[in-house]
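Colleague: One structure, as structure tokens, below. Some questions next.
The values are calculated or read from the model by the stated rules, or taken from the named source; none is laboratory data. This is a predicted model, so every value here is computed, not measured. Note: ideal-geometry Cβ built from the backbone for every residue, glycine included; neighbour counts use all protein chains shown.
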Amino acid sequence: MQIRHYSKPSPQKKEGEDAIVLNEKARLYGVMDGVTPITGYRDENGHNGAYLASNTLRAYLERSDGRASLKDEVIAANRELRQAMLRNGIDLNVKHELWASCIAVARVDGDSVSFAQLGDCMAVARYEDGRIVVLTENRVVGVSARAKAKRARDRENGLPVEDESHFDELYPKLVYNRAHMANSPEGYGVANGTDEAADHIQAGVVETKGLTHLLLVSDGMFHPDLPLEATMEQIVNDGFEPYVERVEAAERAKRLNPDDRSAVLLSW
């Protein structure tokens, strides 16, 4: 098995908020994408909550000995994130200020590969017969529309929710999503130190027989015009750098801001 990885911070950020785990001892690999904060918190080293979230998860998983199930490892890493916030005086009751990170990890266990995911980091498998299977669902997609529908239902049920015009601005919209949609049935899963995150982990197992590649990516690797199946094929055929050049050209054409980009590719 060959392991290749790629990471490129966004030029528009002060520091990269992605992280990569390469735990050869436990044969555990993955990507983490810290959720850019909407508060100004910085630790004594100047790191924001997104950097701290992704790197807290990375550090925990790098210490893994591979004995627990991969889902349990992610749950334990999320608990470690909770403890890190408590040590730094973060009020866990203020949901939109929680440090948070998406994650997609995989562990090779003999004749199988287990995977676990939260958020919009994704896992994709490629097989000898040419099939490409997206193993995880991106529940972050469409969250703003689901949030708007939830607010409408809550108003109809007499719950106190601001008029929809309040959410025309980005900041109130982000506060609402992180307070009410993160790790909720209508929302999306994310590692943010809460117990509810465990209920939103997407996890599974695929056999290595017939498997040629397994790709783990943060959303900065998504091509704005192509599905993840095409992402897999282009990375396998051309490598990370040429593929990312195409992503950046497409983003420039659409005037999209570049995000941090991280990926791990396992090949058999």
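Colleague: Between residues in segment 178-196 that are on the phi > 0 side of the Ramachandran plot and residues that are β-branched (Val, Ile, Thr), which pairs lie under 6 Å by C-beta distance while being six or more apart or on different chains?
Modeller: Asn183/Thr194
Colleague: Out of curiosity, is Arg139 under 21 Å from Thr194 (Cα atoms), touching a His at 6+ places or on another chain (Cβ under 8 Å) and modelled with pLDDT of 95 or more? Please lay out each step first, then the result.
Modeller: Working: under 21 Å from Thr194 (Cα atoms): yes; touching a His at 6+ places or on another chain (Cβ under 8 Å): yes; modelled with pLDDT of 95 or more: yes.
Yes, satisfied.
Residues checked against (1) small (Gly, Ala, Ser); (2) closer than 18 Å to Lys8 by Cβ; (3) surrounded by fewer than 17 Cβ atoms within 10 Å (Cβ to Cβ); (4) more than 14 Å from the chain's Cα centre (by Cα):
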residue	(1), (2), (3), (4)
Asn192	no, no, no, no
Ala198	yes, no, no, yes
Val205	no, no, yes, yes
Gly220	yes, yes, no, no
Ile235	no, yes, no, yes
Lys254	no, no, yes, yes
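Colleague: Further question: Could you pull out the residue among Ser184, Ser114 that is part of a loop (DSSP other than H, G, I, E, B) and closer than 30 Å to Glu229 by Cα?
Modeller: Checking each option against the conditions leaves just Ser184.
Colleague: Looking at Asp129, is it in a loop (DSSP other than H, G, I, E, B) and exposed (fewer than 12 other Cβ atoms within 10 Å of the Cβ)? So that I can check it myself, show each step before the final result.
Modeller: Working: in a loop (DSSP other than H, G, I, E, B): yes; exposed (fewer than 12 other Cβ atoms within 10 Å of the Cβ): yes.
Yes; evaluated as a whole, the condition is true for this residue.
Colleague: List the residue pairs whose Cβ atoms are under 8 Å apart, where the first residue sits in segment 7-34 and is at positive phi, the second is at pLDDT below 95 and part of a strand (DSSP E or B), and the two are 6 or more positions apart or on different chains.
Modeller: Every condition considered, the pairs that remain are Arg27/Asp109.
Residues checked against (1) among the basic types (Lys, Arg); (2) modelled with pLDDT of 95 or more; (3) within 16 Å of the chain's Cα centre (by Cα); (4) under 25 Å from Thr212 (Cα atoms):
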position	(1), (2), (3), (4)
Glu80	no, yes, no, no
Gln83	no, yes, no, no
Leu86	no, yes, no, no
Ser101	no, yes, yes, no
Asp120	no, yes, yes, yes
Arg126	yes, yes, no, yes
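Colleague: Turning to a different aspect of this structure: State whether the residues of segment 13-34 include one that is among the hydrophobic types (A, V, I, L, M, F, W, C) and over 30 Å from Asp111 (Cβ atoms).
Modeller: no
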